[in-house]
1. Please go through segment 42-67 and pick out each residue that is aliphatic (A, V, I, L, M) and without any contact (Cβ under 8 Å) to a residue 40 or more places away in the chain.
2. Take the conditions surrounded by 16 or more Cβ atoms within 10 Å (Cβ to Cβ) and aromatic (Phe, Trp, Tyr) and apply them to Trp234. Does it pass?
3. How many residues does segment 78-95 contain that are surrounded by fewer than 15 Cβ atoms within 10 Å (Cβ to Cβ) and modelled with pLDDT of 95 or more?
4. Does Ile144 qualify as being under 28 Å from Asp289 (Cα atoms), in contact with an Asp or Glu (Cβ under 6 Å, 6 or more places away or on another chain) and of a type in the set (A, V, I, L, M)?
5. How many residues does segment 241-261 contain that are within 17 Å of Lys184 (Cβ to Cβ) and either within 24 Å of the chain's Cα centre (by Cα) or of a type in the set (A, V, I, L, M, F, W, C) (or both)?
6. Can you tell me which of (1) modelled with pLDDT under 95; (2) surrounded by 16 or more Cβ atoms within 10 Å (Cβ to Cβ) is the one Gly265 doesn't meet?
7. Mind checking which pairs have a first residue in segment 227-246 that is of a type in the set (A, V, I, L, M, F, W, C) and a second that is part of a loop (DSSP other than H, G, I, E, B) and crowded, with 17+ Cβ neighbours inside 10 Å, Cβ under 6 Å, 6 or more apart or different chains?
Amino acid sequence: MTGCWIVCYYLLNNAERLSVDPAMRHVVGERATDKTAASVSQMGRFETEILTQPQNLKALMNQPGKWVDEVHQRKPIKEIIFDMDSSDSPTFGKQEGSAYNGHFGYTCYHPLFVFNQFGDMERALLRNGNVYSSDDWKSVLEPIIERYRDKDIRRYFRGDAAFANPDIYRLLEKENYFYAIRLKGNNILQGHIAHLLTRPVGRPPKKPIVQYHSFRYQAASWDIARRVVAKIEWHEGELFPRIGFIVTNLRWKYSNVVKFYNKRGTAEQWIKEGKYALKWTRLSCHDFDDNQVRLQLFLMAYNIGNFLRRLALPKSIKDWSLQTMREKLIKIGAKVVSHARYVTFQMAEVLVSRSLFYEIFERIKHLKPIPIGYD
């Protein structure tokens, strides 16, 4: 099912055509090789009756993280950075859980995602459309923290102002995470940088004038004071400065803290890739749990594509987007030739050469095996 969505066959209606597709039948294997793969009705029952059962849905939501753990076994890491962000999934009609969201300006679902610095999806949750951006963050973040608790690596967390929550700070500090989270401005924060808010004398240069300041701050809901880094930018043609605040427990130079936080923007790009390459906003079922299952399947397809990109693609095409990779490498013409003992896939050598195909297959073959005894 996830293989279908990698090539952008995201509706069950396509199952009828794919059930007789020669390449797909050999990928599925067993009886599908000689007969057909699962029909539309079989796929539909599997998705809406089997996978929606509580124990199966729980396992499905844990699966992306398990795959990420297996990748780290093959390619060990020294640090992990988590980016948490929410997005929208437009809804139509009377879908369960659909609601108007004032920020997006239409009815939608409001899913929550956590990516790592490699673009892998660690975990996600589909939520009702009218919830706040950080709503139910614990059910998403805590299982991830549990998975990495005993690993001897540096751990970081980034989030926008929606996640400026003292409960999140306390959890991250307790689990020895470094974090950088944006803060909404207020009069007290503005007072700490009042000496930097006087407009520079003279004609402003074309290059923005950037200033930084670091100070201790304790909001009324916080139990302790924490470090806040402020960035003030004066731009040509603008009367007032652009101001941003970041709460952090990093001890880095303030400009480095800002640079580290700004890299969380890559998570927004990965969300866009999921939307445009895999169409994971196509959650067309009526029942909420059915759409929860469908989102999780989309995320598994996304991770398969991202693993292929970052682990198997040669340097010459390492910067391919998922959409480019799908159109040039996966969703291409081929001829399937069946013999008594083997099957040959004759791929169309149009956008990807034979030598490049071979190099990709060799990189997949030489991935470091999982150590014996790993569970």
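1. We begin by selecting, within segment 42-67, every residue aliphatic (A, V, I, L, M); these are 43, 50-51, 57, 59-61.
Once the filter is applied, which keeps residues that are aliphatic (A, V, I, L, M) and without any contact (Cβ under 8 Å) to a residue 40 or more places away in the chain, segment 42-67 yields Ile50, Ala59.
2. Details: surrounded by 16 or more Cβ atoms within 10 Å (Cβ to Cβ): yes; aromatic (Phe, Trp, Tyr): yes.
Here the answer is yes, as Trp234 does meet what is asked.
3. Within segment 78-95, the first condition is being surrounded by fewer than 15 Cβ atoms within 10 Å (Cβ to Cβ), and the residues that meet it are 78-79, 92-94.
Next, from what is left, pick out any that are modelled with pLDDT of 95 or more: 78-79.
Matching residues across segment 78-95 total 2.
4. On the way: under 28 Å from Asp289 (Cα atoms): yes; in contact with an Asp or Glu (Cβ under 6 Å, 6 or more places away or on another chain): yes; of a type in the set (A, V, I, L, M): yes.
Yes, satisfied.
5. Taking segment 241-261 first, the residues within 17 Å of Lys184 (Cβ to Cβ) are 241-248, 258, 261.
Filter once more, so that each one left must be either within 24 Å of the chain's Cα centre (by Cα) or of a type in the set (A, V, I, L, M, F, W, C) (or both): 243, 245-248, 258, 261.
Of the residues in segment 241-261, 7 are within 17 Å of Lys184 (Cβ to Cβ) and either within 24 Å of the chain's Cα centre (by Cα) or of a type in the set (A, V, I, L, M, F, W, C) (or both).
6. (2)
7. Within 6 Å, the pairs are Ala230/Ile193; Ile232/Pro241; Trp234/Pro241.
Table: residues versus (1) surrounded by 12 or more Cβ atoms within 10 Å (Cβ to Cβ); (2) touching a residue at least 60 places away in the same chain (Cβ under 8 Å); (3) not hydroxyl-bearing (Ser, Thr, Tyr).
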position: Leu311; (1), (2), (3): yes, yes, yes
position: Ser316; (1), (2), (3): no, no, no
position: Leu322; (1), (2), (3): yes, no, yes
position: Glu327; (1), (2), (3): yes, no, yes
position: Ile330; (1), (2), (3): yes, yes, yes
position: His339; (1), (2), (3): no, no, yes
position: Thr344; (1), (2), (3): no, no, no
position: Met347; (1), (2), (3): yes, no, yes
position: Leu351; (1), (2), (3): no, no, yes
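The values are calculated or read from the model by the stated rules, or taken from the named source; none is laboratory data. Nothing here was measured: the structure is a model prediction, and the numbers come from that model. Positions of Cβ are backbone-derived with ideal geometry, glycine not excepted, and every protein chain shown enters the neighbour counts.
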